[in-house]
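One structure is given below, encoded as structure tokens.
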Amino acid sequence: QVQLVESGGGLVQAGGALRLSCAASGRTFSIHNMGWFRQAPGKERDFVAAITWSGSSTAYADSVKGRFTISRDNAKNPINLQINRLTPEDTAVYYCAADNPYSDLRRNEYDYWGQGTQVTVSS
């Protein structure tokens, strides 16, 4: 079992930056792939970024490439998502998720989910 708690969301002006964090607990945390997803009002939850359990490989949605960076340090915790050059289209609830190490990083059916943190970008 893996428990996930997100933090770092808030209200920011367009062009600004945020750093989201995901604190994970559970004995098997270090062998899980980790991902970030987001859900805007009235829309489905979408994949944003993910990183393998070892940190050796990452994946990003096309809409965030070059602006978002996912990172992890299994010895330190948490998983971080650096978000730069924010736009109003980035407004959403951001969810941290953990998945078994054998699955596709981009799939939506991760095994464990946090409660989410709100990011609001004003124009």
Review point. Carbon and sulfur atoms: what percent of the 1.4 Å accessible area of the chain do they account for?
Key: 47
Review point. Rounded if a/c is under 1.5, else prolate if a/b beats b/c, else oblate: with a ≥ b ≥ c from the C-alpha gyration tensor eigenvalues square-rooted, which is the stretch 57-123?
Key: prolate
**Study point:** Dipole magnitude of the chain about its Cα centre (Cβ charges: Lys, Arg +1; Asp, Glu -1), debye to nearest 20
**Key:** 260
Point to revise | Sequence of Tyr110, Tyr95, Tyr102 from largest to smallest accessible area, 1.4 Å probe | key: Tyr102, Tyr95, Tyr110
Check your understanding: Which one of Gln115, Ala40, Ala23 has its Cα pushed farthest toward the positive end of the charge dipole of the chain, where Lys and Arg give +1 and Asp and Glu give -1 at the Cβ?
Key -> Ala23
Check your understanding: What shape does the chain take by its C-alpha gyration tensor, where a ≥ b ≥ c are the square roots of the eigenvalues and a/c under 1.5 counts as rounded, a/b above b/c as prolate, and the rest as oblate?
Key -> prolate
**Study point:** the stretch 1-63 and the stretch 105-123: distance between their alpha carbon centers, rounded to Å
**Key:** 6
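The values are calculated or read from the model by the stated rules, or taken from the named source; none is laboratory data. Predicted model, so just to flag it, every value in this text is computed and none were measured. Neighbour counts run over all protein chains shown; Cβ positions are idealised from the backbone, glycine included. All accessible areas refer to the heavy atoms of the entire protein, side chains included, with ligands and DNA or RNA removed. Shrake-Rupley method; radii C 1.70, N 1.55, O 1.52, S 1.80 Å.
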